[in-house]
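Let me begin by presenting the structure, written as structure tokens, before commenting on it.
The values are calculated or read from the model by the stated rules, or taken from the named source; none is laboratory data. Just so we're clear, the structure is a prediction, and the values are computed from it rather than from any experiment. When we count neighbours, we look across all protein chains shown, and the Cβ atoms used for this are built from the backbone with ideal geometry, even at glycine.
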Amino acid sequence: MHCNQTRDGIERYIRTGKERVRSISTTLLFKQYLPLLIVEMVYNCVFWLKSFPHKDGVHPTISPRAIKTGKRIMYDKHCKVEFGTYVQTHAKHNNSMEPRTWGI
């Protein structure tokens, strides 16, 4: 493989990641983003890009994530909610009138 082909592939991967982060950011209702939110958007995009095998990848059926970590996507764990979705989580509570869930 020539150096230019490798560089083009890396540049394409970076461009794909940026496009996915932009598409997520358009679905969120914020006017400004905290740095941590941006980091998590990038992490989310890389996670999903590495979770499926690439047509020109090392292995035709095993994802880069599975090759590197030995872990595969589990629907119960990874596909419950989309990134940026508002959720109510259960909070430790007693029998008072205090809220029992937290909006995140």
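Numbers below:
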quantity	calculated
Residue ID - modelled with the lowest pLDDT, chosen from residues in region 75-104 that are farther than 19 Å from Cys45 by Cβ, under 18 Å from the mean Cα position of the chain (by Cα) and part of a loop (DSSP other than H, G, I, E, B)	Ile104
Count - residues of region 12-61 that are over 14 Å from the mean Cα position of the chain (by Cα) and among the small types (Gly, Ala, Ser)	1
Flag if Lys80 is exposed (fewer than 10 other Cβ atoms within 10 Å of the Cβ) and charged (D, E, K, R)	yes
Per-region count, region 11-22, residues among the basic types (Lys, Arg) and either at positive phi or loosely packed, with under 11 Cβ neighbours inside 10 Å (or both)	2
Residue pairs meeting the criteria (Cβ under 7 Å; at least 6 apart or on separate chains; first under 19 Å from Lys80 (Cα atoms), in region 29-56; second at pLDDT below 90 and not in a loop (DSSP other than H, G, I, E, B))	Lys50/Pro64; Lys50/Arg65; Ser51/Arg65
Scope region 32-59; condition modelled with pLDDT of 85 or more and exposed (fewer than 10 other Cβ atoms within 10 Å of the Cβ); matching residues	Gln32, Leu34, Pro35, Leu36
Selection status of Ser25, part of a helix (DSSP H, G or I), surrounded by 11 or more Cβ atoms within 10 Å (Cβ to Cβ) and without any contact (Cβ under 8 Å) to a residue 40 or more places away in the chain	yes
Residue in region 56-77 that is in contact with a Cys (Cβ under 8 Å, 6 or more places away or on another chain) and more than 20 Å from Arg12 (Cβ to Cβ) present	yes
